[in-house]
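Visitor: Following this message is one structure expressed as structure tokens.
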Amino acid sequence: MKNFKKLLAVLLAGLMLLSLAACGEKKDDVVKIGVLEANEIGMANMSTEEHWAHMNADHNFSPDVELVFEHYNNLSTALMDLESGKIKNIIVEESTANYIAARNEKVAITADKCVAYFSMMTMDFNREVYDILNNAIKEMKTDGTLESLIENELKAYINSDPVAKDLPHFDGARTIKIGVTGDLPPMDFVAANGKAAGFNIALLTEIANRAQVNFELVQIETGARAISLSSNKVDAVFWTRNAICTACGGESAEMVEGTLVTESYFSDASTFIMLKPEK
């Protein structure tokens, strides 16, 4: 939680400056910020007063500004509230912000400040699944496959929607259930036909071929990832670990108790998306 407070402080420092610039001279008395549940561990348990006390100590923000954090189970609802004016900003990763901005001329994004790490997470009693996933990711890093996937797959998704592809199937092989949300395009994406697509599916395809395992995709909500793991609804989920801010000393991210998190397969900036000021 300590690291998340530092991350939020740095992001909000930039947010306040952008808000001031967008408004000309006067800043809002209330700044409402949308956050996906479980995107940052422990955030839902922090009060507005705790957020404010930490940020004000570091940045000496005006006490006239009230920070209100709205928590969402899915990105689509947060985006609707952003467009309607219910919230002023949404905290997302830069790849998702770029994806949204390329499809919505009303949206602007902040400069990147901090780094978030994309990994896969299992329960600690599911060590065998963890080893399958983690070993494959490590191999892909070493042999250059992961870098090639990022260059050839991920960057292409910014201007064109990912196409749903069938995962490989191996007769008689073990089946591992993976939770997908569709809430972080183009990483975690669900196509118009209801099938999962995006970079995470390209990653799973490579892991399946290497480990000779089958993956069954299970649709879950972002905020239900941890409970889906602990209840055995799924064996693994995609997880964005608490962003580690280089400006905050680059400390280790907090983890969910009783879980195992693989090596990261992608790193990205944590940033805000907001509506452009009206001309």
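The values are calculated or read from the model by the stated rules, or taken from the named source; none is laboratory data. In this text the structure is predicted, and so the values were computed from the model without any measurement. Glycine also receives a Cβ, built like all others from the backbone with ideal geometry; neighbour counts cover every protein chain displayed.
Residues are listed down the side, and each one gets a yes or a no for (1) of a type in the set (Val, Ile, Thr); (2) surrounded by fewer than 19 Cβ atoms within 10 Å (Cβ to Cβ); (3) in contact (Cβ under 8 Å) with a residue 60 or more places away in the chain:
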site: Ala116; (1), (2), (3): no, no, yes
site: Thr122; (1), (2), (3): yes, no, yes
site: Glu128; (1), (2), (3): no, yes, no
site: Ile132; (1), (2), (3): yes, no, yes
site: Ala136; (1), (2), (3): no, no, yes
site: Asn152; (1), (2), (3): no, yes, no
site: Asp161; (1), (2), (3): no, yes, no
site: Leu167; (1), (2), (3): no, yes, no
site: Ile207; (1), (2), (3): yes, no, yes
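Visitor: May I ask you to list pairs of residues, at least six apart or on different chains, whose Cβ atoms are under 6 Å apart, with the first in region 229-242 being closer than 12 Å to Asn126 by Cβ and the second being of a type in the set (Lys, Arg) and in a strand (DSSP E or B)?
Guide: Listed by first residue and then by second, the contacts come to Val234/Lys177; Asp235/Lys177.
Visitor: Being modelled with pLDDT of 95 or more, touching a strand residue (DSSP E or B) at 6+ places or on another chain (Cβ under 8 Å) and assigned to a helix (DSSP H, G or I) narrows it down to one residue among Ile132, Ile150; which is it?
Guide: Ile132
Visitor: Within region 136-163, track down each residue that is hydrophobic (A, V, I, L, M, F, W, C) and either farther than 19 Å from Arg103 by Cα or in contact with a Cys (Cβ under 9 Å, 6 or more places away or on another chain) (or both).
Guide: Ala136, Ile137, Met140, Leu146, Leu149, Ile150
Visitor: Would you be able to say whether some residue in region 230-246 is under 28 Å from Asp161 (Cα atoms), assigned to a strand (DSSP E or B), touching a helix residue (DSSP H, G or I) at 6+ places or on another chain (Cβ under 8 Å) and modelled with pLDDT under 85?
Guide: yes
Visitor: Please indicate, with yes or no, whether at least one residue in region 199-212 is closer than 21 Å to Ile91 by Cβ and either in the same structural domain as Asn135 (by TED's automatic domain parsing) or in a helix (DSSP H, G or I) (or both).
Guide: yes
Visitor: Tell me which of these Met120 doesn't satisfy, since it passes every other one: (1) at pLDDT 85 or above; (2) farther than 19 Å from Ile150 by Cβ; (3) touching a strand residue (DSSP E or B) at 6+ places or on another chain (Cβ under 8 Å).
Guide: All conditions are met except number (2).
Visitor: May I pose another question? Find all pairs meeting these conditions: Cβ atoms under 8 angstrom apart; at least six residues apart or on different chains; first residue within region 80-100 and surrounded by 18 or more Cβ atoms within 10 Å (Cβ to Cβ); second residue in a helix (DSSP H, G or I) and among the β-branched types (Val, Ile, Thr).
Guide: Val92/Ile100
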